Amino acid sequence: MQRRDRGIAQSLGGPLTKKVKESRVLLVGAGGIGCELLKNLVCSGFGSHPPATTDAPPTNPSTRRAGLMVIDLDTVDLSNLNRQFLFRKQHIKKPKALVAKETASQFNPSVHIEAHHASIFDRQYNVEFFEDFDVVFNALDNLAARRHVNKMCLAANVPLIESGTTGFNGQVQAIQKVWAKSYLFPELFGASEESGDMEVTAGDNADEVAKLKEEAEALKKIRGLMGKSEFAQAVFNKVFSDDIDRLRSMTEMWQSRKPPEPLRFDSLSHDSSIIQQGKALSTQDQKPWTLLENISVFCYSLDTLSNRMQAGENVIEFDKDDKDTLDFVASAANLRSHIFDIQLHSEWEVKQMAGNIIPAIATSNALTASLCVMEAFKIMRSQQAKANALAEAAGNNFTPLKAHTSSKDDGLLGGAKMVFLTSKSTDRLISSQSLLPPKAECPVCSPVYAKLVLPESGSTTLQELVDLLKATAGYDDDFSITADVGIIYDPDLDDNLAKPLSEFGFSKDSNSFITVTDDSDEPKVDLVLSSSRQAASTEANGDAAALRFITETLELPLKPPKAKEPETNGGGEAKIEALSISQSGTKRKREAEDEAESAKKRTKNDDVMVVEDDGGAILLDD
Amino acid sequence: METTTIEPPLQALPTAKEKRYDRQLRLWGAPGQRALEETHLLLINSSPGVAAVETLKNLVLPGVGQFSILDPAVVEEADLGVNFFLEDESLGKFRAEETVKYLMELNPDVQGHAIKEPLETFITKDKVFTPYTLILVAAPIDPTILATIRKHAEALHIPLFYLHCVGYHSHFSIQLPPAFPIVDTHPDPTATTDLRVLKPWPALQEFAREQTHAMDKMSGHDKAHIPYICLLLHYLEQWRNDHNGTVPDSYKQKQEFRDSYVRKGSPDEENFDEACAAVLKSLISPTAPSALRDIFNAPEAMELTATSPPFWFIANAISQFYTKHGGLPLPGAVPDMKAQSADYIRLQNIYKTKAREDCAEVVATVRELEKSTGRGSKLAIIEKEVENFCKGAAHIHLVRGRPLQIVLPDLPVTFGDRAKAMVFELTNPESLIGEYIAFLAWDEFVATHTTSSSVKGGKGLRVPGNNDAEFEADKEKMVGIAHKIVDGILNEAGERIEDPEYTEIKDGIEKICVELVRAGGGELHNIASLTGGLIAQEVIKVITKQYVPVDNTCLFDGVASRSYVLRV
């Protein structure tokens, strides 16, 4: 018995091996963890079932093909090669997904891999797309995409396996926005229609917002000077002098702390060779630059970037590996830090902050990816067990997988666990914890997900949806409907009823969601609706098709009563909270205190330099 | 930010190499990378050994200097399924050569060598292990050969790793030299802050007095910018006056100090907030942790010779410093705090100056020791090394390596002074010692069923369960051996475990044995990959002498997704 998959068959047992081979798996992300995952999946036989042969009856009722699909938007960079082993030097600048497929296909000739060089947010990746998979792996580096995949998987009812690493650990890290990168840079070099589009958050006072808008408008004007010799000086005086003066004028802000000191360009520098100096300095990214050096680099990078705009680049986006943009962000951030009396950082350090760079090594990725595949086996097994139970009920004589089923394991998703990798203590490198049930308060995991079938015409109105909800889903009058744009309906808001749903971004080929919230005294759980790709067919009697749910009936349980004391300090995502539980009691408490302290500090600096992103973020190896 | 404690990799424009390694340099810095590049690893593999190959993959990617694979086998069909490097056309070729070829593709900076010689003859050669900095052995292996390798590794002080990966279970043990010190343990940055507020030196006390002088008459702005360290020192002086010169000692006293002294200064200024928050953390006497005192009292530190490693010279010097001053050399770092920039810089300088003075004193002692032991000038200890030791003194770690446990045919497995600890592990439901015992049984099975292939009629290594027909017989043998080992531990420790616990322990071990036999020596790719990740991580710690490595045995149970570290 020396077959290629002897080891797998021996360890997993026949039926599970078959299930694994016949599976269809989606892998989102082909970075550090993605590479390891793809290799592990291929070598473990996932999706390696050969296309149906003639002598065996198809065991899978659907016509879909077993296989792996990899989606990644990124291209290969030199700094990926220390761990993303599917890539070689000759692959630099090529799409990661395609190269990963090419390399990994060689590991097992019978595996079928599809690769998409695309964004997971693309319209083609709708709920029905996700439904086609047995399991989805997230190996992403940003929170927005993770949240999106999580929601899509919930809507499609497909198991999702999440993972992340930083340095020697698998852990959680918050993203901070850096002023120079998130505000100043796009204002100067971003797409022009975006400028001036300031986000207004609750609690900002109107004057303040108006002033900020004014500030942005002024910057826009300065953009017009681009390419002229006075451009650098104009930008400099605007953001480091005029804007600071305006901030200083808000005396109530500076009662308990040192007001910022504006910088005037002309009082600091008259040297005509400033750009040359900046160019030389920009190669020294380890030592923090002095004030004058920062000005030199600022002028130099601004000059270089302006020349690039003049030469035809419409939009320049910040990219940590685009040295010109990094020079600009590093020097501008430092100048602003100087004004606010914050410690200056070297460019190497700024790169880490602005570029969301996380120390990353091969070992942690290998560990994390392997743990993911273990969880996938468990999920596959639970699906198998369910199938067997059905088969048995139907009088079929299947042997249950005794060797792999122990009563202890029968938790959620076949006993799949959350597993943590830590480096602080060598006693417990890997620890695990049972999955938590959905949280009643969580807006992502508590609702019921359902799909709507929209008539071909595309003219379905909000009124029709309201009628359907009342007729089929048991809603009375007291409920509200929220689309991506905000609340579009509640008992007091009926202006929109005649409008087609497509006006709120909800159509047959969009990936948007509509949330229905029950506001009655005994509320049902939230209902989250997505649209099916299939169009409602015309009725037999020739009547136009009506809007309907994809399933005949829809059962909405009542919301559980709210727990008196929330279990966690809130704010974050359920997953993040759960992850922090890995710390042992006292240590966790201490860290929580520290965190609270530093959070306090950060808030105090809010309007200075650092703006905290909402809810923190899981940050991963890219 | 954590990275500030790591030496930046370079001062000029990054080269392609530095760009490639950028993400890892943020973890172990240029010295770590240098150590990695000076390493030559030897892997001894007698089976598909995927876990070991995965380990190499994880070390080739970050740029280990050289590696050699000793493996006389040729590639078979089963290798293709688990070893992702091998392709159909590798069939029939030497496994070592094929694997080396593909591993080298991952990183052009790395040199790989294939050794196709049989182990039996290889190990008999003179000085055959001297070129290597670290040896990795994958089970199964003939135990007598492993014993020879162990002997060489011990004599040459080469770290030796021994690993198993069977089905859902894996294990590795590390044999380190008897004294393996780690200076750069990368402690939590908050744990390294040492402000010495309870034992201020004159310059610091003077500065604090100056800052807090006539505090009541200060402007609101000035008062709000007194560095919190000065506030603590100021109120500590008051406390001493009120308490016969003693300092707040108990938790209760510290609370009282915080609420009735510091907080009274200002109800809501940020610097007073900082001072209050720091009371419990900072009011600690600078005593050396017990692990460090063990190092001070180690025979190597007490009895220096001209050729003792630098670590022990420095340890001795710091021990003298500690005895003389009742505290360790000052690390010198000052945390961020609310203050006027100029004052903050002065404060930083006060700490830095003191740290430099302390370090200079230790260096002077080291020089005296060098002289008194007659150490040659070529071996003179580098000042930078003393400085690093002084900075991280409180977190220095010493691993006492122990010889690898090898199961030899017809010899009982013994644990010596660890036998009692093993009994404790047996009764600890969290422990995975059962898995370790099952692997020992697996090794004993191999030892007693292997006939050297160099002998006529010899069949080579045989692992339990590799032949379906003998599954039941193998299972029984394995369980029998494992139970014998359990009883052996109890006998050696002179202890008993009563039923029903005794039976439960044996049943638990039996289950693992059955799993190991069922797998028939087969590796699951993802378990092998995970094990390769774990081992590579520990190899990097051992090579870079940064972070604290596993001491000395690690077990992974893939069924429960759990790992456990055991000191054998």
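At-a-glance table
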item	result
From the options B:ALA301, B:ALA306, B:ALA317, residue that is in contact (Cβ under 8 Å) with a residue 60 or more places away in the chain, under 29 Å from B:ILE396 (Cβ atoms) and part of a helix (DSSP H, G or I)	B:ALA317
All positions within segment B:193-229 that are touching a residue at least 60 places away in the same chain (Cβ under 8 Å), in a helix (DSSP H, G or I) and closer than 16 Å to B:GLN340 by Cα	B:PHE207, B:GLN211, B:TYR228, B:ILE229
Filter pass, B:PHE296 being touching a helix residue (DSSP H, G or I) at 6+ places or on another chain (Cβ under 8 Å), under 30 Å from B:LEU369 (Cα atoms) and part of a helix (DSSP H, G or I)	yes
Given (1) outside any strand (DSSP E or B); (2) within 14 Å of chain A (Cβ to nearest Cβ); (3) crowded, with 23+ Cβ neighbours inside 10 Å, number of the condition B:ILE509 does not satisfy	(2)
In segment B:554-568, the residues that are touching a Lys or Arg at 6+ places or on another chain (Cβ under 9 Å) and facing chain A (nearest Cβ under 9 Å)	B:PHE556, B:ALA560, B:SER561, B:ARG562, B:SER563, B:TYR564, B:VAL565
Extreme residue, surrounded by the fewest Cβ atoms within 10 Å (Cβ to Cβ), among residues of segment B:539-553 that are within 8 Å of the chain's Cα centre (by Cα) and within 10 Å of chain A (Cβ to nearest Cβ)	B:VAL548
Checking B:SER372 against (1) touching a Phe, Trp or Tyr at 6+ places or on another chain (Cβ under 8 Å); (2) among the hydroxyl-bearing types (Ser, Thr, Tyr); (3) assigned to a helix (DSSP H, G or I), the condition it does not meet	(1)
Wholly enclosed strands (runs of 3 or more DSSP E) of segment A:441-500 bearing at least 2 residues more than 30 Å from A:LEU160 (Cα to Cα)	A:486-489
Residue pairs meeting the criteria (Cβ under 6 Å; at least 6 apart or on separate chains; first on the phi < 0 side of the Ramachandran plot, in segment B:120-135; second of a type outside the set (A, V, I, L, M, F, W, C) and not in a loop (DSSP other than H, G, I, E, B))	B:ILE123/B:THR148; B:PHE129/B:HIS152; B:PRO131/B:HIS40; B:TYR132/B:HIS40; B:THR133/B:HIS40
Filter result for the condition that a residue is closer than 21 Å to B:SER341 by Cα and at pLDDT 75 or above, over A:SER296, A:SER306, A:SER331, A:SER301	A:SER331
Selected residue (only one of B:VAL75, B:VAL50 is within 18 Å of B:ALA528 (Cβ to Cβ), buried (at least 19 other Cβ atoms within 10 Å of the Cβ) and within 11 Å of chain A (Cβ to nearest Cβ))	B:VAL50
Extreme residue, surrounded by the most Cβ atoms within 10 Å (Cβ to Cβ), among residues of segment B:528-538 that are more than 7 Å from chain A (Cβ to nearest Cβ) and touching a Cys at 6+ places or on another chain (Cβ under 7 Å)	B:THR531
Looking only at segment A:104-128, and only at residues there that are buried (at least 20 other Cβ atoms within 10 Å of the Cβ) and part of a helix (DSSP H, G or I), the one that is nearest to the chain's Cα centre (by Cα)	A:VAL127
Residues that are part of a loop (DSSP other than H, G, I, E, B) and crowded, with 19+ Cβ neighbours inside 10 Å, drawn from segment B:389-400	B:ILE396
Any hit, segment A:116-127, residues being within 14 Å of another protein chain (Cβ to nearest Cβ) and touching a residue at least 40 places away in the same chain (Cβ under 8 Å)	no
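Rundown of residues vs (1) crowded, with 17+ Cβ neighbours inside 10 Å; (2) at pLDDT 85 or above; (3) within 18 Å of A:ASN365 (Cβ to Cβ); (4) away from every other protein chain (no Cβ under 11 Å), yes/no style:
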{"position": "B:ARG34", "(1), (2), (3), (4)": "no, yes, no, yes"}
{"position": "B:GLU37", "(1), (2), (3), (4)": "yes, yes, no, yes"}
{"position": "B:LEU41", "(1), (2), (3), (4)": "yes, yes, no, yes"}
{"position": "B:SER46", "(1), (2), (3), (4)": "yes, no, no, yes"}
{"position": "B:GLU87", "(1), (2), (3), (4)": "no, no, no, no"}
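The values are calculated or read from the model by the stated rules, or taken from the named source; none is laboratory data. Everything quoted here is computed from the prediction, not taken from an experiment. In this analysis, Cβ positions are derived from the backbone assuming ideal geometry, glycine residues included, and neighbour counts consider all displayed protein chains.
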